[in-house]
Structures are given as C-alpha cells and as structure tokens.
Amino acid sequence: MIRGVRGAITVTGNTEEAIISATEELLANLIEANHLQPDFVASVFISTTEDISAAFPAKALRKFKGWTYVPVMCMREMPVPNSLELCVRVMMHVNTELSQEEVIHIYLKEAKVLRPDLESQSH
C-alpha cells in the first residue's frame, strides 16, 4: 500500500543554510518517526512558500545515506493571502503496511499551526 507521509517546517530566513538545515531537520524527523527506508519510498515532493528562493530544499535529502536514487521534486505552494510564510512542506509517497492512523506526520516550529489536530503526533 502506498501512503502519504506529510510534514512541514518554517525556516529562519531565505538563505541556503536556513533552508537546507530546516529541511534536513524535518526529513530526519519524518524518517525516524516512521522508520522509513529509501527503498520503500516511491517519491518525495517538497514545496515552499514564495518567499523561499535561495536554495532547493531537496538538497537536504541527499545528505541522508542511501537516499541518492529516491526521486525528489521541488515546487511552489499557492500564494494564499495571510498564509504561513517561510514554510517548507514535504510529502513522501511510501510503500508501507501502516494504516493511515499509524503514519506519523511531523509539523515543526511555526508550521505546527497547519495541523493542530496532529499536535500529539508531532515532535
């Protein structure tokens, strides 16, 4: 079964260091919480708000051993008025036996406001 594993994090600024560091933190949490192995990940979509342009956040995934061949795509979020700024969102498509309720979605820093209903899951 393929399941979506979601997460989001805010970055401290539009710099390559801030973008890669925050994305790496989010990915590490998603991988650890869901015991993800790269061979079981079909693809990863990473989106950013319009105010993030200094680096591709997908570069962060390449820092993880074994994730070299996992397809990753970066894209922009819709510019909805009054939405959360400086936000990176991740959607992993994972082959897993976990039920929807067992998948752990991670929302960090200011991005916790995106899914307050999942607060008990997030780190």
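Considering Cα pairs under 8 angstrom that are at least six residues apart, work out the relative contact order of segment 2-118 and quote it in whole percent.
44 percent
Out of the GluC sites (Glu not before Pro) in segment 1-107, which ones are loop residues according to DSSP with at most 16 other C-beta atoms within 10 Å?
When the GluC sites (Glu not before Pro) of segment 1-107 are filtered for loop state and at most 16 Cβ neighbours within 10 Å, Glu50, Glu77, Glu85, Glu97 remain.
Order these by the 10 Å Cβ neighbour count, fewest first: Met91, Met73, Met78.
Listing Met91, Met73, Met78 from fewest to most nearby Cβ atoms yields Met78, Met73, Met91.
Pop out the ³J(HN,Hα) list for segment 63-76 in order, Karplus 6.51 cos²θ - 1.76 cosθ + 1.60 with θ = phi - 60°, rounded to Hz; leave Gly and Pro as x.
7, 8, 4, x, 9, 4, 9, 6, x, 10, 9, 9, 7, 9
Given the options Ala22, Ala55, Ala111, state which has the largest fluctuation in a GNM of the chain using a 10 Å cut-off (strictly under) for Cα springs.
Ala55
Between rounded, prolate and oblate, where does segment 53-116 land on the alpha carbon gyration tensor, with a ≥ b ≥ c its root eigenvalues, rounded for a/c under 1.5, else prolate if a/b exceeds b/c?
oblate
Decide, for the chain, between rounded, prolate and oblate: order the square roots of the alpha carbon gyration tensor eigenvalues as a ≥ b ≥ c, take rounded if a/c falls under 1.5, and otherwise choose prolate if a/b is larger than b/c, else oblate.
Working: a/c = 1.79, a/b = 1.25, b/c = 1.44.
Oblate is the answer for the chain, as a/c is 1.5 or above yet b/c matches or exceeds a/b.
Would you please give the residues with an amide H less than 5 Å from that of Glu77, counting only those at least 5 places away or on a separate chain, with H modeled from the backbone geometry?
Thr48, Thr49, Glu50
Taking the Cα centre of the chain as origin, sum charge times position over the Cβ atoms of Lys and Arg (+1) and Asp and Glu (-1), and report the length of that vector in debye to the nearest 20. Before the final figure, lay out the partial values.
Values: 11 positive and 16 negative charges, 56 e Å.
Its charge dipole is roughly 260 debye.
Residue by residue, what Karplus-based ³J(HN,Hα) values in Hz, rounded to whole numbers, does segment 15-24 have, using 6.51, -1.76 and 1.60 with θ = phi - 60° and x for Gly and Pro?
Along segment 15-24, the couplings run 10, 4, 4, 5, 5, 5, 4, 5, 5, 4 Hz.
For Lys63 and Val113, calculate 0.36 nm times their separation in residues minus their Cα-Cα distance, and state this gained length in nm to one decimal. Walk me through the intermediate numbers first.
Details: separation 50, 0.36 × 50 = 18.00 nm, distance 2.77 nm.
Length gained, Lys63 through Val113: 15.2 nm.
When only DSSP loop residues count, what chymotrypsin sites (Phe, Trp or Tyr not before Pro) in segment 56-92 have their Cβ near at most 16 other Cβ atoms within 10 Å?
Phe64, Tyr69
Identify, among Ser47, Val11, Leu61, the residue whose Cα sits farthest towards the positive end of the charge dipole of segment 1-111, taking +1 on the Cβ of Lys and Arg and -1 on the Cβ of Asp and Glu, with the dipole about the Cα centre.
Leu61
We did not get these values from a lab; they are worked out from the coordinates using the rules stated. Since the structure is predicted, the reported quantities are computational estimates derived from the model, not experimental observations. Here the Cβ is made from the backbone with ideal geometry for all residues, glycine too, and neighbour counts use every protein chain on show.
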